[in-house]
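The structure appears right after this line, and notes come after that.
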């Protein structure tokens, strides 16, 4: 059964608006020259992704997004910035010389991803109002049965990055 092409609902309009906010703030994360502003734009990006999860009636995943990514990862990023004495203000030396090539590669990758998504999900349509929401038990079982290793690897990677940043800042402080 194909969906009727009626006017968009308020949920669909809100989902598109959140998608635009997500993409816009993600672009600002990678283009801003102040690293603290980039971290704050990352909060906006991750928060709007959580809003998209809420609209898809995945409340548990949305709140985990807020708690883990917005709460923990961004705080860890800012904590690492403070520990390493990184320049917090505007940094012109962070701008590379291959901006045109980087933009071309990014546009090509986005184009390939868009084509793959359109071809892969051409006839797929899910009416979110008829699909029962996943319970916390189902999501928890999936996370702890199939996704434990990636989460643990990510936590070890973040810890190693933080310890490395502290070690580098201490070495640099002694050499100054």
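Throughout, read-outs are computed from the coordinates displayed, never taken from laboratory work. Small disclaimer: the values here were computed from a predicted structure and weren't measured. Neighbour counts run over all protein chains shown; Cβ positions are idealised from the backbone, glycine included.
With a Förster radius of 41 Å applied to the C-beta separation of residue 149 and residue 6, the computed FRET efficiency comes to 0.40.
How high is the FRET efficiency between residue 28 and residue 138 when r is their beta carbon distance and R₀ equals 25 Å, given to the nearest 0.05?
The computed FRET efficiency comes out at 0.10.
The percentage of C-alpha pairs in segment 17-62 whose separation is greater than 11 Å is 60%. To the nearest 0.05, how large is the calculated FRET efficiency for residue 104 and residue 37 if R₀ is 30 Å and r is the Cβ-Cβ distance? Efficiency, from the Cβ-Cβ distance: 0.70. The label-point distance for residue 159 and residue 79, in a model that sets each label 7 Å from Cα toward Cβ, rounds to 1.2 nm.
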